[in-house]
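Structure, as structure tokens:
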Protein chains: 2
Amino acid sequence: MRMHSPNLLATLQLNPEVRHAIGLMAGTSMDGVDAALVRITGVGDTIQVETLATHHSPYTPQERAGLMRLIREGTVADLCAWDAYLGERFAQTAQELLHHARPPRVDFVGSHGQTVWHAPHTRVLDTPVANTLQIGQPDIIAARLGIPVVADFRTRDMAHGGQGAPLVPIVDWLLLRSDTEHRVALNLGGMANLTLLPAASTPYQILAFDTGPANALIDLAAFHATQGGQTYDRDGALAERGQVHTELLEWLMRHPYLQLPPPKSTGREVFGEPLLEEIRAREPKLSWLDIIATLTEFTAASIADALQRWILPQYPVTRLIISGGGVHNLSLLRRLQQRLPTIALHSCAEFGVDPDFKEAIAFAVLADRFLQGLPATYPNTTGTRTPTLAGKLALP
Amino acid sequence: MRMHSPNLLATLQLNPEVRHAIGLMAGTSMDGVDAALVRITGVGDTIQVETLATHHSPYTPQERAGLMRLIREGTVADLCAWDAYLGERFAQTAQELLHHARPPRVDFVGSHGQTVWHAPHTRVLDTPVANTLQIGQPDIIAARLGIPVVADFRTRDMAHGGQGAPLVPIVDWLLLRSDTEHRVALNLGGMANLTLLPAASTPYQILAFDTGPANALIDLAAFHATQGGQTYDRDGALAERGQVHTELLEWLMRHPYLQLPPPKSTGREVFGEPLLEEIRAREPKLSWLDIIATLTEFTAASIADALQRWILPQYPVTRLIISGGGVHNLSLLRRLQQRLPTIALHSCAEFGVDPDFKEAIAFAVLADRFLQGLPATYPNTTGTRTPTLAGKLALP
């Protein structure tokens, strides 16, 4: 049995013409909480989303250390305490955002929470138990802000056989698709995630996967190159001062992950510290600037390679719409443009989406979609058996 | 700001005249999952609740051992895996119940989950973080049964300054109050919980507290007396074979907990194994049967004492309506009646509530109350600053 998903907009006395929502997100990089205030116009598959304000509240060193310790060696007691703590912390970040923005009203919050565990493949007593946990107690956020909160976006997808990720492709589709041209949304975070949006597509035609690293390796190398002075290569300036090492690049491009057909996903355990150490061992005399140049070229080349292998033969994409921190790396963008001469590169800012707050914006949109009773994940995005709602409703 | 709580009954296309719901509960004694199918008629403060079927699914020894280990030394990974496992386990218990009962339809589930942590007083980085956790992933229950699930009943109360417990008093008030007489609902579980329901009261007048132990100490002594053959004193037969030791009883009645004015709550850490060891050290020659008789008298005396001290002077109660395993202990009931000669003792079965499944029934009723947008906790029951909804909504 499967009930018809209810439309909660009317229940919550929300206006189908226009809603104001806050999206809250804390990434796996553990740098802090992102908040975005958006205005959503219309309903269904033709909503318009406008970002009214954004705010980043960085974790203090104590918070970051506490969360790292929680993930590494936390007890049940620690986890419950941090769930409540981050509930207060997320609420406070939303209040700071509102202090800047002062909108006429805010209708609801979509809160992703802080991921502390994600295990699509586990067993307990011989029972498969796909599971994931994002903390930041939604009841606390709802109580402090006095409005409903949609949270826990990944568990239902897993309950229906999905991987619980990625969730953003449906938002890419809602905000960035075209009726007339094939587009790709590219997020340059720690990893590079790509969403194909075929022309005039339905959500069933979305294809999403990780092409490989985006900033993860470059950030690490920039930290070493500047003796800790920079945590990333600002504007790609370090990469521009180095030389690409052709042999190293060719070796990196033979990485087995790049040969796998999509859908696929990867992380820092594959493209992170251990790989950088391997690179250093392989080319001990290479300067940090040359390593950064080579890694930046590798990121561009692996993205271009994925497009050329898996996308362009079937979908002659005309536009690549870029979000994430990597959009500010001019060296990376230049290299990507060189390798994809027929494709126009855009920051998603040109499409009304702040590239640094795309995920926070996405969770406001996903919360709205939940309240409309519309699915967020599809068999082709997460592997769910059936289009599936994402979220749970908490009330103030 | 505080929004008007929405009525979700209409949203979910539920009939205000009659709903069918399943309540799921797993107690801190970790004996298994209780399920009750109820028919709820009407809305607001005048609902009628009829129990159509009940089912108890005991934990296997492996499940019990796994859960005990989780609480004692579980990691974040273990917790997440068990949350998913118990989601499947609760869903399976509901399906077994339905296999027996075959109702025309079931509209929703109220699932308390298995408590693995409850800490109303904790701090993280100097921030007070009241927190509690019941596991058994509601999204999994909703997915398997294909109906909405209300769960996570304790977190919002804590977000509003409450202790997150007790939650059952509002259900006592809904099902057992009288317009014309003062009543007390008494639950004889591990501890004895009492709810005063003044005549023609509003929920603001409910008073609820733990009087002390009910079965916790007697169960332990019965286990010893029978060398592990019995986990409780069936029908109170062991108590009837022993003699009350007057000095020991008087010493027990001087326990400091009994002197505290309500509201107050206690647990096995106070009235459990350590106290039994103290009793054995105090009276090493006393037989197990005499100990059981004395503990049974102590339970009756401490309940009667609480009524006489804190309730009867202001509210001349006429009826005591009893639920929980202790209702089957005839020795306990006899002693209680002797000490309260002016009060009529009833099993809650006489009021249409199965005494062995009262909590499972209660969580079906609490889920319904959440869907109606009505509060479950009040300043006088949990200490919440304001009447507070209990629950989060998960959808299939």
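The values are calculated or read from the model by the stated rules, or taken from the named source; none is laboratory data. Here the structure is a predicted model, which is why all the values come from computation and not from measurement. Because the Cβ atoms are built from the backbone with ideal geometry, glycine has one as well, and the counts that use them run over all protein chains shown.
Restricting attention to the stretch A:13-27, the residues being crowded, with 16+ Cβ neighbours inside 10 Å and touching a Ser or Thr at 6+ places or on another chain (Cβ under 9 Å) number 7.
The set of residues in the stretch A:209-242 that are closer than 17 Å to A:ALA192 by Cβ and not in a helix (DSSP H, G or I) comprises A:PHE209, A:ASP210, A:THR211, A:GLY212, A:PRO213, A:ALA214, A:ASN215, A:TYR232, A:ASP233. Number of residues in the stretch B:343-384 that are more than 11 Å from B:GLY110 (Cβ to Cβ) and aliphatic (A, V, I, L, M): the value is 6. Residue pairs whose Cβ atoms lie under 6 Å apart, sitting 6 or more positions apart in sequence or on different chains, and linking a residue in the stretch B:274-299 that is without any contact (Cβ under 8 Å) to a residue 60 or more places away in the chain to a partner that is of a type outside the set (Phe, Trp, Tyr) and loosely packed, with under 14 Cβ neighbours inside 10 Å, are B:ASP290/B:GLN243; B:ALA293/B:GLN243.
Listed by first and then second residue, the pairs linking a residue in the stretch B:302-328 that is over 19 Å from B:PRO169 (Cβ atoms) to a residue that is in a helix (DSSP H, G or I) and modelled with pLDDT of 95 or more, with Cβ atoms under 6 Å apart and 6 or more places separating them unless they lie on different chains, are B:SER302/B:LEU258; B:ALA304/B:ARG339.
Do we find a residue being under 22 Å from B:THR388 (Cβ atoms) and away from chain A (no Cβ under 14 Å) anywhere in the stretch B:27-41? Looking through the stretch B:27-41, at least one residue is under 22 Å from B:THR388 (Cβ atoms) and away from chain A (no Cβ under 14 Å). Consider the stretch B:335-363 and keep the residues that are aromatic (Phe, Trp, Tyr) and in a helix (DSSP H, G or I). The one that is farthest from B:GLY242 (Cα to Cα) is B:PHE363. Apart from one condition, B:THR11 fits all of (1) without any contact (Cβ under 8 Å) to a residue 40 or more places away in the chain; (2) over 19 Å from B:LEU393 (Cβ atoms); the exception is (2).
Among the residues making up the stretch A:31-77, a single one is assigned to a helix (DSSP H, G or I), of a type in the set (D, E, K, R) and crowded, with 19+ Cβ neighbours inside 10 Å: A:GLU63.
Determine whether the stretch A:148-157 contains at least one residue that is over 18 Å from the mean Cα position of the chain (by Cα), surrounded by fewer than 20 Cβ atoms within 10 Å (Cβ to Cβ) and either β-branched (Val, Ile, Thr) or within 10 Å of another protein chain (Cβ to nearest Cβ) (or both). Checked the stretch A:148-157: no residue is over 18 Å from the mean Cα position of the chain (by Cα), surrounded by fewer than 20 Cβ atoms within 10 Å (Cβ to Cβ) and either β-branched (Val, Ile, Thr) or within 10 Å of another protein chain (Cβ to nearest Cβ) (or both). Confirm whether A:ASP139 is surrounded by 19 or more Cβ atoms within 10 Å (Cβ to Cβ), acidic (Asp, Glu), at the interface with chain B (Cβ under 7 Å from one of its Cβ atoms) and under 25 Å from A:LEU395 (Cα atoms). Yes.
Here's the yes/no breakdown for (1) surrounded by 21 or more Cβ atoms within 10 Å (Cβ to Cβ); (2) out of contact with any Leu (no Cβ under 9 Å at 6 or more places or on another chain):
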{"site": "B:ALA192", "(1), (2)": "yes, no"}
{"site": "B:LEU196", "(1), (2)": "yes, no"}
{"site": "B:ALA214", "(1), (2)": "yes, no"}
{"site": "B:LEU220", "(1), (2)": "yes, no"}
{"site": "B:PHE223", "(1), (2)": "no, yes"}
{"site": "B:GLY229", "(1), (2)": "no, yes"}
{"site": "B:ASP235", "(1), (2)": "no, no"}
{"site": "B:ARG241", "(1), (2)": "no, no"}
{"site": "B:THR246", "(1), (2)": "no, yes"}
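With respect to B:LEU176, determine if the residue is surrounded by fewer than 24 Cβ atoms within 10 Å (Cβ to Cβ), modelled with pLDDT of 95 or more and within 11 Å of chain A (Cβ to nearest Cβ). Against the criterion (surrounded by fewer than 24 Cβ atoms within 10 Å (Cβ to Cβ), modelled with pLDDT of 95 or more and within 11 Å of chain A (Cβ to nearest Cβ)), B:LEU176 does not qualify.
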